[in-house]
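Presented below is the structure to which this report refers.
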Amino acid sequence: MPQINRRRFLRAGLAGATALTPLSAAFGQSGSLSELGTAIVPLPEVKVYTAREIVTLDPAKPSAEAVAVVNGRILLVGSLEDVQGILKGQRHTVDTTFANHVIVPGFLAQHDHPLLAALTMSSEILSIEDWVLPTGTVPAVKDKKDFIDRLSKAVEQRTDPSEPVVSWGYHPAFYGPLTREDLDAISSTQPILVWARSCHEMILNSAALEMGEVTQDVVEGFGATEQAQSKFSEGRFWEQGLFAVLPLIASIAATPERLQSGLELTRDYMHAKGITFGNEPGGILAKPVQDGINAVMSSPDMPFRWSFMPDAKTLVDTYTDDDQVIAETEKLESWYGGMTSLAPKQAKLFADGAIYSLLMQVRDPYLDGHTGEWMMDKSLFDRAFRIYWDAGYQIHVHVNGDAGLDRVLDALEMNLRRNPRYDHRTVLVHFAVSAEEQVQRILELGAIVSGNPYYVTALSDQYSAVGLGPKRADAMVRLGDVSRAGISWSLHSDMPMAPADPLFLMWCAVNRVTASGRVAGPDQRVGAEEALRGVTIEAAYSLKLEDEIGSIEPGKRANFTILDDNPIAVDPMKIRDVKAWGTVMEGRVYPVEKVERKASLMPPVGGGSNIDADFARATLEHALKVVHTHL
Ligand SMILES: [Zn+2]
Ligand SMILES: [Zn+2]
């Protein structure tokens, strides 16, 4: 819907003026421009939205029935009578589209990975869980036979016999081993590539190996570790073996077409979940790949803005000169535009290993005695922390274990003593395992938390028996303690580690119900209103955007999520069933529309030029880097 755009109108006015007077004269007359503006630009029209209820998260006025919006920002909030009373004779319209709905502040995706999500979502999803996508629900795979049947059907649908079929979601621990032989039985001509649910392993059929020119000889040329983590006869490549084979098969798995199609599906998915702003922590460091992402995500049609946070680990690793680290970080700003941006003066660091592979650093040993991993050596971590701290950056740290947390808090304390900073807002990201007494230290040091509550839902049962034991497994993501201590906390999904669905995250944090149906760590549950704050205003706070978005208050951007029910008033177990009607983003209305196009059915890959191969390799490399730190 075209709106009167003040800037465009002014530009049009200016063009008219220059037709009459020389440009220099128009600019030379100070004041003439603003006079011109007020003289000929009509006041932009105010739109007043009414709703069954508006949950503002503004403590001064928590509930309202009308919100007035002008030029993409919130003008007034209150009862319809009050709002119209203030507007009096001013031109405005009352829009009752949401009269039967509940308006909440626009949801934020504090931490998601759109590129990896795009690659997995644009595959034939055949996974351990249901995926509710804009194109319909993909039900979970029942067993290996179900997987083979459904993959066979997907292969049959292809009309071009050389078009590769990529599937994501197979889990050997659930369905048993899968080999090249199984896939050859589906097709000996159509290249098939199966990416495991963990993303750590790929299985290829003979046609796919041939397409990538992967032979026994090639694999024997790999290094020792890479060879140990490859099995050519079974078409299987995992960990270092996967990194080694990646340059050969990247063009099958990560073409620009697949990336674009997957990003479009990811965009529609996130919008359907009510997201109005998102952030990728650990931005892409290959410009052509970012350009490919921008082709979708910078477009003015995007229903949400997205910020990318510099991957400080890689930057510090690459540049030995401290000043250059910051200079190179700042250069990244020019890579973005339109609806994408660089998260200003924010950087991402990594402490310890991933929770899904039980590689976090814990104080007490794992049940089987194995040890965790550090994602960065201590000297590199300390150097990175110091460089970004001294440059005034807000530091976000991926941290999963209690020993990992000790390292982060030690570094924070040391830097606070050395170079005190006010309102540094250091973010502890993921926050899986922590000790109770660490909460007080977090408070005293002024750090804040971004927790992933899906860990409890997905892993507390399993980790009670394996790895952590019941006490630590049930206290994972201890948001109850964090909340009682008065520390700011938000929620994130880490898509595709968990569905990018803020209402589902709220449900996880409020209920802490596991796969077996029990409640893990009842005292770590949080209230529904707090959880709503965790996907709105506190998420905005963690990105230093709380003055702009996150609540419904005059002056802020008009970002709303429109729901069919009030998530802080429904039965807590029903929070995840609340539906999003759509969103309002900076005053523009975006209803959720049924998407018919299926991303996995895309035009065949064309060309296979060198540029495409480089692009594909860089794309997949970024994806696997994310995988390595998370799963
Ligand atoms: Zn992480
Ligand atoms: Zn992540």
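The values are calculated or read from the model by the stated rules, or taken from the named source; none is laboratory data. Computed from a predicted structure; not experimentally measured. Every residue, glycine among them, receives a Cβ derived from its backbone with ideal geometry; neighbour counts consider all protein chains shown. Heavy atoms of the whole protein, side chains included, go into the accessibility calculation; ligands, DNA and RNA do not. Shrake-Rupley method; radii C 1.70, N 1.55, O 1.52, S 1.80 Å.
Model label points for R52 and K287, set 7 angstrom from Cα along the Cα-to-Cβ axis, are 5.2 nm apart. Which whole-Hz couplings ³J(HN,Hα) result when phi for each residue of segment 245-254 is put into the Karplus expression 6.51 cos²θ - 1.76 cosθ + 1.60, θ = phi - 60°, listed in order with x for Gly and Pro? Along segment 245-254, the couplings run 7, 3, x, 7, 10, 4, 5, 7, 9, 9 Hz. For the listed peptides 514-522, 472-480, 186-194, a ranking on the average number of other beta carbons within 10 Å per residue, highest first, reads 472-480, 186-194, 514-522. Centre-to-centre, using Cα atoms only, segment 184-259 and segment 529-569 are separated by 44 Å.
Pairs from the list K348/K471; K313/K378; K313/K625; K345/K625; K61/K579; K153/K594 with a Cα-Cα gap above 21 Å: K348/K471; K345/K625; K61/K579; K153/K594. Only helices enter this figure: runs of n ≥ 4 DSSP H residues, each worth -39500 (n - 2.57), summed and divided by the residues of the chain, yield -11500 deg cm²/dmol at 222 nm to the nearest 500.
For D95 and E210, the difference between the fully extended length at 0.36 nm per residue and the C-alpha to C-alpha distance is 35.4 nm.
For Q229, the residues whose amide H sits under 5 Å from its own are G241, ignoring neighbours fewer than 5 places away on the same chain, with H placed 1.01 Å from N.
Beta-bridge orientation, the chain: approximately 45 percent antiparallel, per DSSP, counting only bridges with both partners inside.
Relative to the longest principal axis of the Cα atoms of the chain, the long axis of helix 287-297 lies at roughly 50 degrees. Using R0 = 30 Å, the C-beta based FRET efficiency linking T314 and T371 works out to 0.75. Partner aspartates and glutamates whose Cα lies under 17 Å from the Cα of K331, excluding those fewer than 8 positions away in the same chain, are identified as D291, D311, D317, D321, D322, D323. Taking only protein heavy atoms and a 1.4 Å probe, the accessible area of the chain is 53% carbon and sulfur. Measuring nothing but how far apart in sequence close Cα pairs (under 8 Å, 6+ apart) lie, relative to its length, the chain scores a relative contact order of 17 percent. With each label modelled as a point 7 angstrom along the Cα→C-beta vector, the D390-E437 pair spans 3.3 nm.
The slack between T137 and S188, meaning 0.36 nm per residue of separation minus the straight C-alpha distance, is 15.4 nm. With both labels modelled 7 Å from their Cα along Cα-to-Cβ, the D301 to L80 distance reads 3.5 nm. The calculated FRET efficiency for L416 paired with E156, based on their beta-carbon distance and R0 = 45 Å, is about 0.15.
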